[in-house]
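The block underneath contains the structure these notes are about, expressed in structure tokens.
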Amino acid sequence: MKNVRQSNVNIHKDAWVEINLESLAQNIQEIKKGIPKNKKFLAIVKADAYGHGASMIAKTMLASGVDAFGVSSVDEGLDLRKVKITAPILVVGAIPLWAIESAAQNDIAFSIFNAEHLEACKDVYERTGIKPKVHVKLDTGMNRIGVRSEDGVEFIEKVRKSDYVSFEGVFTHLASAEEPEETQKQIERWHNVIDNIDTTGLLLHIQNTAATFAYDIKSNMVRVGISLYGLYPDLPPEVNYKPKLKQVMGLKGRITNIHEVKAGEGVSYSHKFIAYEPTRVATIPIGYADGVSRNLSNKIYGLINGQKVRQIGNITMDQMMFDLGEADAQVGDVITLLDDSNLSLDSWAEILHTINYELTCRLKVRLPRIYVR
């Protein structure tokens, strides 16, 4: 019997995302096997833990060996604080100046990379007596946010001398961790900064998920994201280790109707599927408004009672249909669209010419999440 708990969302729907907490815990333990014991482990839980529900899975992560959390906004950090998560939290993206006070008051660290950030931190300290916790973000080649690496030493020294902040760390982000030559350029820029500053007491982090598996870089913390959830990023040709992972996210829906379509009849909008023989068609209440792309129409499969069934017709806003073939099925039975065995998010990503990250984030719009162990 599975232990099950539900997130606090509307569950009056015969479709749901299923999150396997046991698989999550196992993934973390597998990843940690390849991480030096002297390095801290920051779990990236931005975008509501890539659609998995950050507030619901954070305690499982901590129990499995995670030291800290990375989020993309102060609001995401506050959501974790509301459920009594006291572990360190870092906003890895940029935050607006007016959000610094809220971050400081709730013990949430954040990225800084310009003089305006420092001035705003000083203002918050003078008004509240709280020193904002900060990590300097270096831009070593991502060209997104951060102080340019050639200006990094000077800026870090300025931060070090600022007695109105709690200076916790320095970090950067690799743009192409799957490409060793490009990555080496960024690593050199990173070392040009790190080797020329006083790093005493600082957290140094450059390794994202792929880099954690592939490169030995001067740092004392790794930032792992997508592989927590059982999926791999693009990896370079050679890695130091590749953990055995299980997809954490599943997707299921109950059959709401079964009927027979006559030969020559079409199914769904625009009749992109035509039945060439009498066909038993099952409908489940999952559609593109739930995050399942319409471009998957007629290209994916489900599993019912151990038998594979083909999705047919255009996926609509709220529903999709399956050819039951010879499957033994009735109204109320569950069709599984995604699981940790043969029905992978990677297969969908390949069809859609996108990445698995995007798909996990999509599947959270209207679908309740059910947590099982």
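For this structure, a couple of remarks:
- I351 farther than 27 Å from H12 by Cβ, β-branched (V, I, T) and either out of contact with any Asp or Glu (no Cβ under 9 Å at 6 or more places or on another chain) or without any contact (Cβ under 8 Å) to a residue 40 or more places away in the chain (or both): yes
- Test: N27 is polar (S, T, N, Q) and crowded, with 19+ Cβ neighbours inside 10 Å: yes
- Selection count, segment 32-53, where residues are farther than 12 Å from G225 by Cβ and open to solvent by 10 Å² or more (accessible area, probe 1.4 Å): 10
- Check on A94, under 27 Å from S149 (Cα atoms) and open to solvent by 50 Å² or more (accessible area, probe 1.4 Å): yes
- Filtering segment 266-317 to residues that are part of a strand (DSSP E or B) and of a type in the set (K, R) leaves R280, K308, R310.
- Any hit, segment 132-154, residues being loosely packed, with under 15 Cβ neighbours inside 10 Å, free of Cβ contacts under 8 Å to residues at least 40 places away in the same chain and more than 22 Å from E188 (Cα to Cα): no
Conditions tested, residue by residue: (1) under 20 Å from S111 (Cα atoms); (2) touching a residue at least 24 places away in the same chain (Cβ under 8 Å); (3) open to solvent by 10 Å² or more (accessible area, probe 1.4 Å); (4) among the acidic types (D, E).
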residue: E182; (1), (2), (3), (4): no, yes, yes, yes
residue: E188; (1), (2), (3), (4): no, no, yes, yes
residue: H191; (1), (2), (3), (4): yes, yes, yes, no
residue: I194; (1), (2), (3), (4): yes, yes, no, no
residue: D198; (1), (2), (3), (4): yes, yes, yes, yes
residue: L203; (1), (2), (3), (4): yes, yes, yes, no
residue: I206; (1), (2), (3), (4): yes, yes, no, no
residue: F213; (1), (2), (3), (4): no, yes, no, no
residue: D216; (1), (2), (3), (4): no, yes, yes, yes
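- From the options S162, S227, residue that is open to solvent by less than 20 Å² (accessible area, probe 1.4 Å), of a type in the set (S, T, Y), over 19 Å from R148 (Cα atoms) and part of a loop (DSSP other than H, G, I, E, B): S162
- Inclusion of T360 among residues that are among the hydroxyl-bearing types (S, T, Y), at pLDDT below 95 and in contact with a Gly (Cβ under 6 Å, 6 or more places away or on another chain) is warranted.
- The one condition in (1) within 24 Å of F213 (Cα to Cα); (2) hydroxyl-bearing (S, T, Y); (3) open to solvent by 50 Å² or more (accessible area, probe 1.4 Å) that Y125 fails to fulfil: (1)
- When every residue of segment 337-348 is checked against the conditions, none turns out to be touching a residue at least 12 places away in the same chain (Cβ under 8 Å), farther than 24 Å from K246 by Cα and hydrophobic (A, V, I, L, M, F, W, C).
- All positions within segment 106-131 that are of a type outside the set (G, A, S), closer than 16 Å to E157 by Cα and in contact with a strand residue (DSSP E or B) (Cβ under 6 Å, 6 or more places away or on another chain): I112, F113
Yes/no matrix, rows are residues, columns are (1) β-branched (V, I, T); (2) part of a strand (DSSP E or B); (3) under 16 Å from the mean Cα position of the chain (by Cα):
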site	(1), (2), (3)
L174	no, no, no
E181	no, no, no
K185	no, no, no
N192	no, no, no
D216	no, no, no
L231	no, no, yes
N240	no, no, no
G250	no, yes, yes
G253	no, yes, no
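- Lone unmet requirement of (1) among the aliphatic types (A, V, I, L, M); (2) over 26 Å from H52 (Cβ atoms); (3) not in a loop (DSSP other than H, G, I, E, B) for I197: (3)
- Looking only at segment 282-303, residues that are crowded, with 19+ Cβ neighbours inside 10 Å and closer than 11 Å to I335 by Cα come to 6 in all.
- Failed item in (1) at pLDDT 95 or above; (2) under 24 Å from L231 (Cα atoms); (3) not small (G, A, S), with L343 passing the rest: (1)
- Test result for I197, modelled with pLDDT of 95 or more and farther than 23 Å from K37 by Cβ: yes
- Check on K32, more than 14 Å from the chain's Cα centre (by Cα), at pLDDT below 95 and under 24 Å from F171 (Cβ atoms): no
- Taking segment 318-373 as the range and being open to solvent by less than 40 Å² (accessible area, probe 1.4 Å), part of a helix (DSSP H, G or I) and of a type in the set (F, W, Y) as the test, only W348 passes.
- Among residues that are closer than 24 Å to F213 by Cβ and in contact with a helix residue (DSSP H, G or I) (Cβ under 9 Å, 6 or more places away or on another chain), G146 is included.
The values are calculated or read from the model by the stated rules, or taken from the named source; none is laboratory data. Given the structure is predicted, the values throughout are model-derived calculations rather than measurements. Virtual Cβ from ideal backbone geometry, glycine too; neighbours counted across all protein chains shown. We work out accessible area using only protein heavy atoms, side chains counted, and drop any ligands, DNA or RNA first. Shrake-Rupley method; radii C 1.70, N 1.55, O 1.52, S 1.80 Å.
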